[in-house]
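These notes concern the structure reproduced below.
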Protein chains: 2
Amino acid sequence: MPTSSRFVVAVHALAAMAVGDGAPLRSEDLAASANTSAVVIRGLLSRLHQAGLTGSQLGAGGGALLAKPAARIRLLDVYAAVEDTALFTLHRMPPLGGCAVGGNIQEALRPVLDGARAAMEAELARVTIADIAADVARLGKFALPLRRG
Amino acid sequence: MPTSSRFVVAVHALAAMAVGDGAPLRSEDLAASANTSAVVIRGLLSRLHQAGLTGSQLGAGGGALLAKPAARIRLLDVYAAVEDTALFTLHRMPPLGGCAVGGNIQEALRPVLDGARAAMEAELARVTIADIAADVARLGKFALPLRRG
DNA sequence: TGAATTGTCACTGTGATCGTTACACACCAT
DNA sequence: ATGGTGTGTAACGATCACAGTGACAATTCA
């Protein structure tokens with residue numbers, strides 16, 4: 001299945017904003033750090049903005065900013081903002097309704113798949129962008145806040 | 001990061017074998033119930049066979065059979081057998097190593113993503129094909145075992 | 001022997017992701 | 001105000017995995 005790297009790249013961008021000293025970060029700089037293109041970053045920032053996680057400052061010296069403290073942005077919020085496909089894909093074509101199995105398999109499976117998805121999301125809800133930024137700083141052996149450069 | 005429809009279809013096929021009375025099920029019949037093609041089913045059965053979950057009987061009157069009791073086949077086993085892609089996709093191109101964030105983001109993220117994946121898999125490990133078959137029977141208002149047809 | 005069924009290959013169509021180019025619009029500095 | 005800077009979005013193409021189809025050798029039962 002074609003998998004999306006949007007979630008990881010979005011967390012990357014948000015962590016960069018959290019690590020920075022509050023100065024706006026240009027999409028071009030975020031793209032360089034994540035090794036992708038500025039348009040891809042802007043597409044992600046558009047989704048994050050709609051979700052209320054980031055804001056943008058236009059014009060010279062502008063860029064992307066966190067819309068709220070990094071400690072209040074959960075990874076689950078990022079996940080919900082940038083991922084649109086369901087975790088589990090059901091049958092592409094609906095199964096045979098007349099069949100004893102085909103007519104009931106999706107309903108039998110739904111609570112299980114919902115539970116698995118909820119368990120995964122609960123883990124993502126326990127971690128914030130601030131946590132990730134702190135771990136990045138620890139691994140990189142530098143202190144927060146960091147001047148951008 | 002979504003799964004393919006293979007997982008759901010594979011569970012569908014295994015549940016059909018569990019619901020049946022132990023008679024081999026042809027790939028063509030499984031395909032009809034799941035509203036897909038027999039070749040797709042055979043591809044899944046090939047993976048399930050390699051994982052030791054099913055067996056096949058060639059020739060006339062042949063078909064697919066469970067290789068062990070349905071109560072001992074966990075959904076996690078099915079998931080592992082038929083899904084190739086990782087739950088979370090990392091950066092398509094490695095992030096900029098020289099950057100404070102790019103050089104550490106993947107390592108900072110790994111424990112979180114591993115935890116989320118483990119939480120989801122733990123839920124899938126709690127349910128067996130026998131559970132699904134029982135739920136299918138309950139929803140379809142029929143008793144197990146069921147004669148095939 | 002002959003029919004039936006699996007197992008696997010090659011080819012095709014479809015959809016999503018991702019990269020690139022392009023351009024209108026908004027904002028800041030001078 | 002004016003030009004440079006940066007965002008926001010659309011269009012296009014390349015790539016990849018998934019899924020569907022047809023075909024065929026190999027195997028096994030009737």
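Work out, step by step, the length gained on full extension between B:R138 and B:D21: first 0.36 nm times the residue separation, then minus their alpha carbon distance; give nm to one decimal.
Working: separation 117, 0.36 × 117 = 42.12 nm, distance 1.65 nm.
Extending this stretch completely gives an extra 40.5 nm.
Where the eigenvalues come from the Cα gyration tensor of segment A:73-121, what are the semi-axes √(5λ) of the equivalent ellipsoid, largest first, in whole Å? Before the final figure, lay out each step's value.
On the way: eigenvalues 168, 30, 5 Å².
Rounded to whole Å, the semi-axes are 29, 12, 5.
Please report the spacing between the Cα centers of segment A:92-149 and segment B:34-86 in Å, no decimals.
Result: 26 Å between the Cα centres.
What share of the DSSP beta bridges in the protein assembly as shown is antiparallel, in percent to the nearest 5?
On the way: 12 of 12 bridges.
Around 100 percent of the beta bridges assigned by DSSP in the protein assembly as shown are antiparallel ones.
Sum up the charges of everything whose Cβ sits under 9 Å from the Cβ of B:G52, counting Lys and Arg as +1 and Asp and Glu as -1, but leave B:G52 out.
Surrounding charge for B:G52 is 0.
Along Cα→Cβ at 7 Å, what distances in nm separate the A:G43 label point from those on the other copies, shortest first?
Shortest to longest, the spacings are 2.5 nm.
Kirkwood Rh over Cα pairs of segment B:104-147 into Stokes-Einstein at 10 °C, 1.306 mPa s: D in µm²/s? Mind showing how you got there, number by number?
Details: Rh = 13.2 Å.
Taking Rh from Cα pairs, D becomes 121 µm²/s.
Tell me, what is the per residue accessible area of the protein assembly as shown in Å², probe radius 1.4 Å?
Numbers: 14100 Å² over 298 residues.
Roughly 47 Å² per residue, with all protein chains present.
With label points built 7 Å along Cα→Cβ from the Cα atoms of A:T89 and B:A51, find their separation and express it in nm.
1.6 nm
What is the percent carbon and sulfur in the accessible area of chain B, measuring with a 1.4 Å probe over the protein chains and ignoring ligands? Walk me through the numbers on the way to the answer.
Numbers: 3700 of 6930 Å².
Here carbon and sulfur together make up 53 percent of the probe-accessible area.
For segment A:1-148, go through all pairs of different Cα atoms, get the mean of 1/r, take its inverse, and jot down that Kirkwood value in Å. Walk me through the numbers before you get to the answer.
Details: mean 1/r = 0.0581 Å⁻¹.
In segment A:1-148 this quantity evaluates to 17.2 Å.
Which angle from 0 to 90°, rounded to the nearest 10, does the C-alpha axis of helix B:6-19 make with the longest principal axis of chain B?
30 degrees
How about segment A:8-54: which of its residues lose at least 50 Å² of accessible area in the presence of all protein chains relative to their chain isolated, using a 1.4 Å probe?
Relative to the lone chain, where solvent access is computed with a 1.4 Å probe, segment A:8-54 loses at least 50 Å² at A:V8, A:H12, A:S33, A:N35.
If I take the Cα coordinates of the protein assembly as shown and project them onto the principal axes, what are the three extents in Å, biggest first?
Here the spans come out as 74, 32, 29 Å, largest first.
Name the residues of segment B:82-99, by number, that are at least 50 Å² less accessible with every protein chain in place than in the isolated chain; the surface is that of heavy atoms, probe 1.4 Å, without ligands or nucleic acids.
Buried by 50 Å² or more upon assembly, which counts only protein chains, are B:T89, B:H91.
Lysines within cross-link reach of A:K141: Cα-Cα under 29 Å, excluding same-chain residues under 8 positions apart?
Partners within reach: A:K68.
For the pair B and A, how large is the buried accessible area, both sides, in square angstrom to the nearest 100, if the probe is 1.4 Å? Spell out each step's value before the answer.
Details: alone 9230 and 9450 Å², together 14100 Å².
Separately minus together, B and A give about 4600 Å² buried.
The values are calculated or read from the model by the stated rules, or taken from the named source; none is laboratory data. As the structure is a computational prediction, the values presented were derived from the model and not from experiment. Positions of Cβ are backbone-derived with ideal geometry, glycine not excepted, and every protein chain shown enters the neighbour counts. Remember, those area values only see protein heavy atoms, side chains included, never the ligands or the DNA or RNA. Shrake-Rupley method; radii C 1.70, N 1.55, O 1.52, S 1.80 Å.
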